[in-house]
Structure formats: C-alpha cells, structure tokens
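The values are calculated or read from the model by the stated rules, or taken from the named source; none is laboratory data. Here the structure is a predicted model, which is why all the values come from computation and not from measurement. Neighbour counts are summed over all protein chains in view; Cβ atoms, including those assigned to glycine, are modelled from backbone coordinates with ideal geometry.
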C-alpha cells in the first residue's frame, strides 16, 4: 500500500510536534503547518522517514489554507488525515472586559481555522481516488466544561464539537470519518503556568498536574490507525488528577 498522508496544524511545538513525530513513526507522510517556518523546519528535520513537508500558513486566512492544500494535492495527490490542532487562548478576564479584537482573534484561529482546513480537506477527500479520509479535531476539555474567565476559548471549543458532529454525519456518503480528541492539561507552552498555580472556580490559585504530550500523541495515533469502517468519534485524554468533573 502507498504511504498515507497526514496534515497537522499547529505542528511547530507541543501537542502538534508530538503528534507529528508519532504519525511519522506510524509510516505517514506528514505535512506540518503553523505560522512560523523555522520551528516547522526543525520538527520536520527530526521526523522519522522521508517525504515530509513543512509549510508556514495562518489557518485563519482563507488564502493561506487554499495555497496549503494546493501544495498538498500537487505534491502528494491525496490527503488521508487532517488533525485540526491549531488553537490559542485569550486573556483571563471577565467577558465585559474582553475586547472584540481579542474575541475575533480567538474565534478566527480556533473555529474559523478549523472550518477552513476541514472544508479544504473534505473537498479533497471527496474527489480523490480512492475516496475518503479522516478528520480529527482538537476539542479540548473546554469543549465540555469551562475554566474561569475563558468565555471565548470555551465558546469556540463547544463549537468544534458541533463541527465534529456535522462533519461526521455529512462525511458518511463520501467515506470521510470525523472524530474529536479532547485534551486536558498536556504539558506544553500553553500550560506552563499550571505548575505555579492557575485560577480555580472558588477564586483560589492552585497548581494542576499535567501529562506528557506523548500520551496525547499515542491517543491520536490510535484514532488515526483505525480501519475506514471504524471511528473513535469522541476521545478524552487528560492528566489523571486534574480538576475536571465540576472543575473542582
């Protein structure tokens, strides 16, 4: 069989990097994208195997996503897996102190970026031969329960769940499966502050345990490795002792 091709957004560090490394070990050709070329090149150079590609792109910009998928189709001919991983958080403020610019920036990256990449992947997976593929969205624990002062991030992650459900339904007739991985407290730059203490629902600051990003990568590898006739639609992987149920 020909090698499968996977696109990972937000691939320059943290969860994206670990997942790129895992998929390369699994035999995928990996296409890495993110806003900055240098970290993508560094990750790409360290991947097992050959045939990988690093392309800088802002997933929130339609023109960037179109150009990215043009390169994928021209260079690889098909796409078998999209991992919609790129995302960002916002300032920890109450909603009446949140600027519209901050709201729009978070929505553009987390939700519009996932939509643009899913739209392009869906179209390519429909017309490629053989037809089909798999889209996996990074939903986050915040797709279920919020942290204090996280309205825009939480809203986008709840919306990702709706996107996952809709794509899973609409993709059936095109052999496109869609699933979601909800990640809690993976050890990355985004969660470094958890070691010194983060705001809890009762107003206190408390450190929170984190898990190794390799555990996230193993989970994604499992989801990506399922046969086309099976789909892990929602999977949660989280630090065992982190606050989750009730966020307390």
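With respect to the conditions (1) surrounded by 14 or more Cβ atoms within 10 Å (Cβ to Cβ); (2) out of contact with any strand residue (DSSP E or B) (no Cβ under 8 Å at 6 or more places or on another chain); (3) assigned to a helix (DSSP H, G or I), residue 68 falls short on a single one, namely (2). Of the residues making up region 160-196, those that are farther than 19 Å from residue 142 by Cβ and modelled with pLDDT under 95 are 195, 196.
Kindly provide the set of residues from region 29-52 that are assigned to a loop (DSSP other than H, G, I, E, B) and under 17 Å from the mean Cα position of the chain (by Cα), ordered by number. If the condition is that a residue be assigned to a loop (DSSP other than H, G, I, E, B) and under 17 Å from the mean Cα position of the chain (by Cα), then 35, 36 are the ones that fit. Residue 84 meets all of the listed conditions (1) under 25 Å from residue 128 (Cα atoms); (2) surrounded by fewer than 18 Cβ atoms within 10 Å (Cβ to Cβ) but one, namely (2).
Determine, yes or no, whether residue 61 is under 24 Å from residue 177 (Cβ atoms) and either touching a strand residue (DSSP E or B) at 6+ places or on another chain (Cβ under 8 Å) or surrounded by fewer than 22 Cβ atoms within 10 Å (Cβ to Cβ) (or both). For residue 61, the condition - under 24 Å from residue 177 (Cβ atoms) and either touching a strand residue (DSSP E or B) at 6+ places or on another chain (Cβ under 8 Å) or surrounded by fewer than 22 Cβ atoms within 10 Å (Cβ to Cβ) (or both) - is not met.
Quick check on region 104-137: of everything there that is more than 11 Å from the chain's Cα centre (by Cα) and outside any helix (DSSP H, G or I), which residue is farthest from residue 63 (Cα to Cα)? Selected residue: 130.
Return the residue satisfying two criteria in turn: it lies in region 138-157 and is within 15 Å of the chain's Cα centre (by Cα), outside any helix (DSSP H, G or I) and on the phi < 0 side of the Ramachandran plot, and of such residues it is modelled with the highest pLDDT. Once the filter is applied, the top-ranked residue is 138. Return the residues of region 78-103 that are under 30 Å from residue 127 (Cβ atoms), assigned to a loop (DSSP other than H, G, I, E, B) and touching a helix residue (DSSP H, G or I) at 6+ places or on another chain (Cβ under 6 Å); say none if nothing qualifies. Once the filter is applied, which keeps residues that are under 30 Å from residue 127 (Cβ atoms), assigned to a loop (DSSP other than H, G, I, E, B) and touching a helix residue (DSSP H, G or I) at 6+ places or on another chain (Cβ under 6 Å), region 78-103 yields 79, 85, 86, 87. Only one of the listed residues (217, 232) is crowded, with 16+ Cβ neighbours inside 10 Å, in contact with a helix residue (DSSP H, G or I) (Cβ under 7 Å, 6 or more places away or on another chain) and either in a helix (DSSP H, G or I) or without any contact (Cβ under 8 Å) to a residue 12 or more places away in the chain (or both). That residue is 217. Just one of (1) touching a helix residue (DSSP H, G or I) at 6+ places or on another chain (Cβ under 9 Å); (2) closer than 12 Å to residue 179 by Cα fails for residue 226. It is (1). Screening the candidates 181, 160 for the property of being touching a residue at least 12 places away in the same chain (Cβ under 8 Å), part of a helix (DSSP H, G or I) and in contact with a strand residue (DSSP E or B) (Cβ under 6 Å, 6 or more places away or on another chain) yields one hit, 160.
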